[in-house]
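Asker: First, the structure itself, so that you have it in front of you.
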Amino acid sequence: MARLIALIFIGEVNFQVLSYLAENLPRFFPGILVRVESPIPVPPRCWVPSRKQFDGNCILESLPTLKGTKVLGIIDEDLFVRGLNFIFGLASYDKTLIALARLRNEFYGLPPNQSLFLERALKEAIHELGHSYGLSHCPDPRCVMHFSNSLAETDLKGPDFCKRCKGILLRNLTLDT
Ligand SMILES: [Zn+2]
Ligand SMILES: [Zn+2]
């Protein structure tokens, strides 16, 4: 499995989020190095005017493929995929993506809470990277791999993998593919 996670901002960089993720992700993926790559511009072709949102799959595909690396794209926009009104994130085998817009209290007319916002971004990043390392959704609502369709669910779960998911993750991390 890829020994490297590359963080790539799409569009304007939020340095606070970037450094928070770079600092905290290694704790959850033992033996994996986290590297920060240069940002890339938001691809205008991924904007869907009728929905006033970006197409998540289009953004995911626009991320570069880096050999032996799981790419985590971070974008401060609102994304959707076909069949869903919005998504917090998206994952394929070697590319993952998180969308920050809906992780802020302000999006819902609530007072800002910066530490909560950073925590949510970290949980979503761990969740999507977990998928790319072979984990599926977990029935345990406290496990980071639990599917969250609302911020209440995101806030309920911890940043940690449950025992079962952690076991699968550690096994996958030791595979040499
Ligand atoms: Zn998921
Ligand atoms: Zn789990």
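The values are calculated or read from the model by the stated rules, or taken from the named source; none is laboratory data. Bear in mind the structure is a predicted one, so any value in this text is a computation, not a measurement. Methodologically, a virtual Cβ is constructed for each residue, glycine included, from the backbone with ideal geometry; neighbour enumeration extends over all protein chains shown. Ligands, DNA and RNA are stripped out before the accessible areas are found, and what is left, the full protein with its side chains, is counted by its heavy atoms. Shrake-Rupley method; radii C 1.70, N 1.55, O 1.52, S 1.80 Å.
Asker: Only four residue types carry charge here, +1 at the Cβ of Lys and Arg and -1 at the Cβ of Asp and Glu. Report the dipole size of the stretch 80-177 about the Cα centre in Debye, rounded to the nearest 20.
Answerer: Numbers: 12 positive and 10 negative charges, 32 e Å.
Once rounded to the nearest 20, the dipole reads 160 debye.
Asker: For the chain, modelled as a GNM with alpha-carbon contacts under 10 angstrom, which of Leu129, Leu90, Leu110 fluctuates the most?
Answerer: Leu110
Asker: Rg and Dmax in Å for the stretch 74-158, alpha carbons only: what are they?
Answerer: For the stretch 74-158, the Cα radius of gyration and maximum Cα-Cα distance read 12.3, 36 Å.
Asker: With just the Cα atoms defining each centre, how far is the stretch 94-173 from the stretch 1-32? Give it in Å.
Answerer: Rounded to whole Å, the Cα centres lie 14 Å apart.
Asker: Continuing with the same structure: Of Leu129, Ile168, Tyr108, which is farthest along the charge dipole of the chain in the positive direction, counting Lys and Arg as +1 and Asp and Glu as -1 at C-beta?
Answerer: Most positive-ward Cα: Ile168.
Asker: Mind checking the dipole of the chain: about its Cα centre, +1 per Lys or Arg Cβ, -1 per Asp or Glu Cβ, Debye to the nearest 20? Present the calculation step by step, with values, prior to reporting the outcome.
Answerer: Values: 20 positive and 18 negative charges, 93 e Å.
It works out to roughly 440 debye.
Asker: Taking the C-alpha atoms of the chain, how large are the radius of gyration and the largest Cα-Cα span, Dmax, in Å?
Answerer: Both quantities, over Cα of the chain: 15.2, 47 Å.
Asker: Using only the heavy atoms of the protein chains and a 1.4 Å probe, how would His127, His137 rank by accessible area, largest first?
Answerer: Sorted by accessible area, descending: His137, His127.
Asker: Specify which residue in the list Leu72, Ser148, Pro30 is farthest towards the positive end of the charge dipole of the chain, using unit charges on the beta carbon of Lys, Arg (+1) and Asp, Glu (-1), about the Cα centre.
Answerer: Final value for the positive-end residue is Pro30.
Asker: Considering only protein heavy atoms, what per residue accessible area in square angstrom results for the stretch 4-174 with a 1.4 angstrom probe?
Answerer: Values: 8220 Å² over 171 residues.
Spelled out: the 1.4 Å probe surface of the stretch 4-174, per residue, equals 48 Å².
Asker: Let me ask you something else. Restricting attention to the stretch 83-152, which chymotrypsin sites (Phe, Trp or Tyr not before Pro) occupy a DSSP loop and are surrounded by at most 14 other Cβ atoms within 10 Å?
Answerer: Working: sites: Phe86, Phe88, Tyr93, Phe107, Tyr108, Phe117, Tyr133, Phe147; in loops: Phe88, Tyr93, Tyr133, Phe147.
Sparse-neighbourhood loop chymotrypsin sites (Phe, Trp or Tyr not before Pro): Tyr93, Phe147.
Asker: Return, in residue-number order, each cysteine of the chain whose C-beta is not under 4.7 Å from any other cysteine's C-beta.
Answerer: Here Cys165 come out as lacking a disulfide-compatible partner, given the Cβ-Cβ threshold of under 4.7 Å.
Asker: If you don't mind, another one. Out of Arg102, Arg120, Arg164, any idea which swings most in a Gaussian network model of the chain, alpha carbons joined below 10 Å?
Answerer: In the Gaussian network model the winner is Arg164.
Asker: With a 1.4 Å probe and all protein chains left in place, how much of the accessible area of the stretch 4-174 comes from carbon and sulfur atoms, in whole percent?
Answerer: Taking all protein chains in place, the stretch 4-174 shows 56 percent carbon and sulfur surface.
Asker: Still on this structure, I have one more. Give, in whole angstrom and from largest to smallest, the semi-axes √(5λ) of the equivalent ellipsoid of the stretch 48-100, with λ running over the eigenvalues of the Cα gyration tensor.
Answerer: Values: eigenvalues 87, 18, 18 Å².
Semi-axis lengths for the stretch 48-100 are 21, 10, 9 Å.
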